[in-house]
Amino acid sequence: MAGTVLISGASVAGPAAAFLLARAGFDVTVVEIAPRRRTGGYAIDFSGPAHLTVLDRMGLLDDLRARATGGRTSRFVDETGRTLFTLPPEFTGGDLELPRAELSELLHGRGGTVGYRYGDTVTALQESPDGVRVSFRQAPTQRFDLVIGADGMHSVVRGLAFAPEPECVTYLGYQVAGWDLPHTGDLGREILLHNRPGTLAGLSADVRDPARADAYALFADPSPDVPRGDREAQHRRLGQRYAGQGWRVPEMLAAFPGATDVYFDQVARVAVPRWSAGRIVLLGDAACGATLSGTGTGLAVVAAYVLARELARTPDHRRAFERYERIIRPYADRCQGGASPAEMLAPAGRMRLRLRDLVLGNPLGRALALRSSGKAAAGPDLDRL
Ligand SMILES: Cc1cc2nc3c(=O)[nH]c(=O)nc-3n(C[C@H](O)[C@H](O)[C@H](O)COP(=O)(O)OP(=O)(O)OC[C@H]3O[C@@H](n4cnc5c(N)ncnc54)[C@H](O)[C@@H]3O)c2cc1C
């Protein structure tokens, strides 16, 4: 079937599905709530045969390889900057690592006929036998044959067509933030990380721009009640959770208000009993997100590929949605099944932190930690489908 498709969300899952559906002859519109393409600069990675096969079939592998960062060592340091232990690049990067913004840019660039609308959002979805009437905050109401919710962990499409957020998203007790700041020139190629019980602060040079650096924060927080997108409230919460800390934390927090793009979210898992309802389907984090699992981006791209392929193969969208979910859900379950890395990255409590340092300071402990993460999850065997 070819027809009109609306995709909500222009990060990774949305633009990947958009480009593949447009290539298959669909008329695709993407609506994104942010005023422009988001440039958050942390690194994402792809690991294993399923990811690489899909990137190859999408015609992206060579371009991505040309942009790969090569991965970076993570160095955990104490208050004075003395090394406690290091983690090899495979902990943060897989077979192919690059900044999220560059992957997003590449996927947008391949979009061809895809129409991107920024600064707008879906406000109502009304399904009828011949399509979905979609109301927007800005644009006039429009009918589409299909709607894809690729709008992340807090998906508006999921909330309108499936279930309210509290029924789908489980908060795991931590919040995470990433932002950019000017580089003072003293950071090398490594990622520097510093813990106090229940908090992790990280700093690294930007892989592309020597004048910029990236800051990370991961912290235990009993109440994730910071209003979404409220930078002042986010800054205040960081100030409370990191109060009195030394190392480079004060300089990182001081730079937060001037950051170009801030990522601030809950560490949470998404579980939705069914990924499609009529002509509406969920994709990426909206369907099966797991913050910090290290698998979300690879899973989102593989899922976008399978969804687009199934829609291109059959004129019956219900069959396509069913096959997509049957193929991807077991893989998503494996990705979500690993231990949440938040507790390992920022153990809450002095004893737990000491124990974590002992485990990760040891090669065997490092190997076990890597194996118990969702990163080891095998993707679907694409040749047998
Ligand atoms: C700037 C940025 C930085 C990130 N940093 C991290 C990180 O440090 N660690 C981590 O684990 N994950 C991070 N993520 C999430 C990571 O990109 C995803 O887990 C993964 O790539 C799957 O992508 P996705 O496209 O399904 O969801 P996401 O990447 O979350 O993208 C969802 C997109 O939908 C848009 N959107 C949200 N609401 C609406 C709405 N109502 N209408 C229209 N559009 C909407 C968002 O602006 C975003 O562009 C980040 C995402 C972004 C956008």
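The values are calculated or read from the model by the stated rules, or taken from the named source; none is laboratory data. Values in this document were obtained by computation on a predicted structure and should not be read as measured data. Quick reminder, even Gly has a Cβ in these numbers, built from the backbone with ideal geometry, and neighbours come from all protein chains shown.
Counting residues that are touching a Lys or Arg at 6+ places or on another chain (Cβ under 7 Å) and more than 25 Å from VAL272 (Cβ to Cβ), which helices (runs of 4 or more DSSP H) fully inside the stretch 311-380 reach at least 1?
Result: 341-345, 350-360.
Just for the stretch 153-182: of the residues that are of a type in the set (Gly, Ala, Ser) and within 23 Å of THR4 (Cβ to Cβ), which one is surrounded by the fewest Cβ atoms within 10 Å (Cβ to Cβ)?
GLY159
Taking the conditions exactly as written (within 12 Å of the ligand (Cβ to nearest atom) and under 25 Å from the mean Cα position of the chain (by Cα)), does ALA161 satisfy them or not?
no
Sort through THR260, THR295 and tell me the only one that's within 14 Å of the ligand (Cβ to nearest atom), closer than 30 Å to PRO222 by Cα and in contact with a Cys (Cβ under 7 Å, 6 or more places away or on another chain).
Testing whether each residue is within 14 Å of the ligand (Cβ to nearest atom), closer than 30 Å to PRO222 by Cα and in contact with a Cys (Cβ under 7 Å, 6 or more places away or on another chain) leaves just THR295.
Can you tell me which of GLY119, GLY131 is at pLDDT 95 or above and crowded, with 17+ Cβ neighbours inside 10 Å?
Residue meeting the stated conditions: GLY131.
What single numbered condition from (1) of a type outside the set (Lys, Arg); (2) within 16 Å of the ligand (Cβ to nearest atom); (3) crowded, with 19+ Cβ neighbours inside 10 Å fails to hold for PHE26?
Answer for PHE26: the failing condition is (2).
Restricting to the stretch 185-212, and then to whatever is more than 20 Å from ARG82 (Cα to Cα) and basic (Lys, Arg), can you tell me which residue is surrounded by the fewest Cβ atoms within 10 Å (Cβ to Cβ)?
ARG208
Does at least one position in the stretch 83-102 carry a residue that is touching a strand residue (DSSP E or B) at 6+ places or on another chain (Cβ under 8 Å), within 16 Å of the ligand (Cβ to nearest atom), part of a helix (DSSP H, G or I) and not acidic (Asp, Glu)?
Yes, the stretch 83-102 contains a residue that is touching a strand residue (DSSP E or B) at 6+ places or on another chain (Cβ under 8 Å), within 16 Å of the ligand (Cβ to nearest atom), part of a helix (DSSP H, G or I) and not acidic (Asp, Glu).
If LEU60 meets every condition in (1) surrounded by 15 or more Cβ atoms within 10 Å (Cβ to Cβ); (2) more than 30 Å from PRO330 (Cβ to Cβ); (3) modelled with pLDDT of 85 or more apart from one, which number is that one?
It fails just one condition, (2).
Which ones in the stretch 275-298 are assigned to a helix (DSSP H, G or I) and modelled with pLDDT under 95?
GLY296, THR297, GLY298
Report yes if THR295 is crowded, with 23+ Cβ neighbours inside 10 Å and among the polar types (S, T, N, Q), otherwise no.
For THR295, the condition - crowded, with 23+ Cβ neighbours inside 10 Å and among the polar types (S, T, N, Q) - is met.
Here's the yes/no breakdown for (1) within 11 Å of the ligand (Cβ to nearest atom); (2) over 24 Å from VAL207 (Cα atoms); (3) surrounded by fewer than 18 Cβ atoms within 10 Å (Cβ to Cβ):
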site: ILE7; (1), (2), (3): yes, yes, no
site: PRO15; (1), (2), (3): yes, no, no
site: ILE44; (1), (2), (3): yes, no, no
site: ALA50; (1), (2), (3): no, yes, no
site: THR53; (1), (2), (3): no, yes, no
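Any residue in the stretch 136-147 that is assigned to a strand (DSSP E or B), more than 15 Å from the ligand (Cβ to nearest atom), farther than 22 Å from ASP265 by Cα and of a type in the set (D, E, K, R)?
Among the residues of the stretch 136-147, at least one is assigned to a strand (DSSP E or B), more than 15 Å from the ligand (Cβ to nearest atom), farther than 22 Å from ASP265 by Cα and of a type in the set (D, E, K, R), which makes the answer yes.
Limited to the stretch 213-255, what total is found for residues that are within 15 Å of the ligand (Cβ to nearest atom), surrounded by 20 or more Cβ atoms within 10 Å (Cβ to Cβ) and outside any strand (DSSP E or B)?
Result for the stretch 213-255: 3.
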